[in-house]
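Step one of this worksheet: look at the structure below.
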Amino acid sequence: MELTVRDNSNATTEGCSSSACGGSQDQLSHLPEEIRKKIHNHPCYSEEAHHYYARMHVAVAPACNIQCHYCNRKYDCANESRPGVVSELLTPEQAVKKTIIVAAKIPQMTVLGVAGPGDPLASPARTFATFQALTEKAPDIKLCVSTNGLALPQQIDELLKHNIDHVTITINCIDPDIGAKIYPWIFWNNRRIKGRKGAKILIEQQQKGLEMLVDRGVLVKVNSVLIPGVNDEHLKEVSKVVKGKGAFLHNVMPLIAEAEHGTFYGVMGQRGPTHTELQTLQDACAGDMNMMRHCRQCRADAVGMLGEDRGDEFTLDKIENMDIDYEAAIKKRAAIHQAIEEKRRLKNQPGTTMVTLDSSVLKKESRPVLVAVTSSGGGIINQHFGHAKEFLIYEASATDVRFIGLRKVEQYCYGIDSCGEDETALDKMVRILEGCEAVLCAKIGMGPWSVLEEAGIQPNGEHAMEPIEDAIAAVYAEMLEQGLLDNAVTETCETA
Ligand code: CLF
Ligand code: SF4
């Protein structure tokens, strides 16, 4: 009997790996070739792609036409960003220049998104001017947009003139009574409409926009902010409905509400979900829908791979004097993309990734295990424990290794001198890793090693530079062989 990490024997080379898009290979294998091609190098629509390709946002859209209780308009739109972040607002011309420079300097960048700092369709002239210029000047970059949906049906024709293949709509509810608890007002036909009435219009516009996009062959991702006690149970219904209407992917994001952000929810003490609540809801929705679980709640001016932000390298003052030969850059980008694809092809080819176990060892009652991983990209364990800003969390079982989410941490090691001395940060790290039984990293110091071991989390640096799923499967196999997994149920974590 085999413990299977990946079985790509039925997949084409264009396909995703087992965990792509948060769904299983089975869930995705039915997808038409045309859709597989669209998501293949989009780091948000394909979980596998996010290990290889980067995205960037340009903050060209300052206005918004609704109010969400989790938003303070001094900051970026919280439907696609972490709250409390302020982006550098750009004109369309500045945005185009920045995009071309970033595409040349970060050739893995495949997607340009407009996601704020307000709602892109509430500033349509600025958003569309940016898309128009980029379609002409950088045709090899995919264009992507994220909206609250209020203006979507009216803007759809214009939007689709600009070669947009991917649209995100934030849909937090389909019931106006729940909507009234999330949206105090909307701005509609030059009037402010409050409460249930406003929420009802917003919901109708979102649903209509979704249907129109699907009709026209656009891939729609739905973002939902999980607000405990407000829309938590309701989101299962939302997931079913949007799936029924043809949405491709559902991204349930945790509410982040802190009093210092000055939002209604923050001030009122509305809590966000725990890791377990988020995962439980994502699992409940996953029966009906491809779930995204690798969202980083990016800034409206984010640049780089999803887990990193290189925005500081490309501020307006820095790009002012940079000149790029984009013809040459396109050639370089194409060569690098080809090399990435070759790497993916080798990693995904049938028979490359199997950990075999003696059937006498693989007991039916073996329980699943949560494993944390540090990685700086490439789908490989290639990051020092002390440099991790986030952990990728996988669930390994006797039959599968699946990506289930990520947990952000404050960076604990800021250099060789301080490494291992900050006990408070380490204690916090242990709390964040609660529920995990192993952490796989490229390297780890003796200090954190002992603290983790004492907390029942086994550090492991033996699989440095190995593909993540293979390494986890190997560790799971070792645990099985050592008889560590004979109990029925695994404990999961309840930290926020
Ligand atoms: Fe940007 Fe959004 Fe397009 Fe991606 S982000 S507009 S779909 S290119 Fe991605 Fe960032 Fe999550 Fe958004 S990780 S916040 S889902
Ligand atoms: Fe804020 Fe975005 Fe909601 Fe507008 S749509 S209020 S910018 S979170």
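The values are calculated or read from the model by the stated rules, or taken from the named source; none is laboratory data. On a predicted model such as this, the values are computed, not experimentally measured, just so you know. Heads up, the Cβs are rebuilt from the backbone with ideal geometry, glycines too, and the neighbour counts pull from every protein chain shown. Surface areas here come from the heavy atoms of the whole protein model, side chains and all, with no ligands, DNA or RNA. Shrake-Rupley method; radii C 1.70, N 1.55, O 1.52, S 1.80 Å.
Taking amide H as placed 1.01 Å from N in the peptide plane, the amide H of residue 390 sits under 5 Å from that of 409, each at least 5 places away or on another chain.
Among the listed pairs 38/200; 142/236; 38/137; 200/236; 200/221, give every one whose C-alpha distance is greater than 23 Å.
Numbers: 38/200 33 Å; 142/236 31 Å; 38/137 20 Å; 200/236 19 Å; 200/221 21 Å.
Where the Cα-Cα span goes over 23 Å, the pairs concerned are 38/200; 142/236.
Placing 303, 430 in order of accessible area, with the largest value first and a 1.4 Å probe, yields 430, 303. With a Förster radius of 25 Å applied to the C-beta separation of residue 308 and residue 135, the computed FRET efficiency comes to 0.40.
As a calculated quantity, the FRET efficiency between residue 283 and residue 408 at R0 = 22 Å, using C-beta atoms, amounts to about 0.60. The modelled label-to-label distance between residue 34 and residue 245, using points 7 Å beyond Cα along the C-beta direction, is 2.2 nm. Under the simplified labelling scheme, the residue 276-residue 462 pair shows an inter-label distance of 3.1 nm, with each label point 7 Å from Cα along Cα→Cβ. For the stretch 38-163, the equivalent ellipsoid derived from the Cα gyration tensor has semi-axes of 22, 17, 15 Å, listed largest first. Note that the stretch 325-342 has calculated 3J(HN,Hα) couplings of 8, 6, 4, 5, 5, 4, 5, 5, 4, 4, 5, 5, 4, 5, 5, 4, 5, 5 Hz, one per residue in order, obtained from phi through the Karplus relation 6.51 cos²θ - 1.76 cosθ + 1.60 (θ = phi - 60°); glycine and proline are x.
If the segment from residue 191 to residue 105 were pulled out straight at 0.36 nm per residue, it would be longer than the present Cα-Cα gap by 26.5 nm. Approximating the spin labels as points 7 Å out from Cα along Cα→Cβ, the residue 486-to-residue 325 distance works out to 6.8 nm.
Taking amide H as placed 1.01 Å from N in the peptide plane, the amide H of residue 223 sits under 5 Å from that of 169, 170, 171, 251, each at least 5 places away or on another chain.
Dividing the Cα radius of gyration of the stretch 133-202 by 2.2 N^0.38 Å, with N the residue count, gives 1.39. For residue 61, the residues whose modelled amide H falls within less than 5 Å of its own, excluding neighbours fewer than 5 places apart on the same chain, are 116, 118. Averaged per residue, the stretch 105-259 has 36 square angstrom of accessible surface, using a 1.4 angstrom probe with ligands and nucleic acids left out. When 142, 97 are compared by accessible area of protein heavy atoms, the largest-first order is 97, 142, using a 1.4 Å probe.
Quarter the surface of the alpha carbon convex hull of the stretch 193-330 and you get the mean projected area, 12.4 square nanometres.
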